[in-house]
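The values are calculated or read from the model by the stated rules, or taken from the named source; none is laboratory data. Note that the structure is a prediction, hence the values are computed from the model and not measured. So basically every Cβ, Gly included, is an ideal-geometry build from the backbone, and we count neighbours across all protein chains shown. When the accessible area is computed, the model is the full protein with side chains, heavy atoms only, and any ligands, DNA or RNA have been set aside. Shrake-Rupley method; radii C 1.70, N 1.55, O 1.52, S 1.80 Å.
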Amino acid sequence: SDGGNNGLKSIIAQLKTNDFARLRLGTNNVARTKIPDPDFVLSHFGEAEKTQLPDILTEVSQKISDFCYN
């Protein structure tokens, strides 16, 4: 199912099926109880997050590659 995601809902409508492989990436919103998801996702990175970003992007890139080629 689209799980309430409008982008996924659009893809399912165009393909006329929800039978396709998906790769889900999340934000790990540890402040979930304090900040609504849309505000959290659209906020700027903090200084600590900026230092972690290169390692995170390397890991995400590898996981996307594994997903596509395995």
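Relative to the longest principal axis of the Cα atoms of the chain, helix 6-15 runs at roughly 20 degrees. Shape descriptor for the chain: Rg over Rh equals 1.04 (Cα atoms; Rh from the Kirkwood inverse mean 1/r).
Helix 47-69 and the long axis of the chain differ in direction by around 20°, with both axes built from C-alpha atoms.
Under a model in which nothing but the beta-carbon of Lys, Arg (+1) and Asp, Glu (-1) is charged, the chain shows a dipole of about 240 debye around its Cα centre. The residue among L53, S10, S65 whose Cα reaches farthest toward the positive pole of the charge dipole of the chain, with charges on the beta-carbon of Lys, Arg, Asp and Glu, is S10. Which residues make up the longest stretch of the chain clear of trypsin sites (Lys or Arg not before Pro) that lie in a DSSP loop with no more than 10 other Cβ atoms within 10 Å, not counting the sites? Answer - 35-70. At a probe radius of 1.4 angstrom, the accessible area of the chain per residue rounds to 90 square angstrom.
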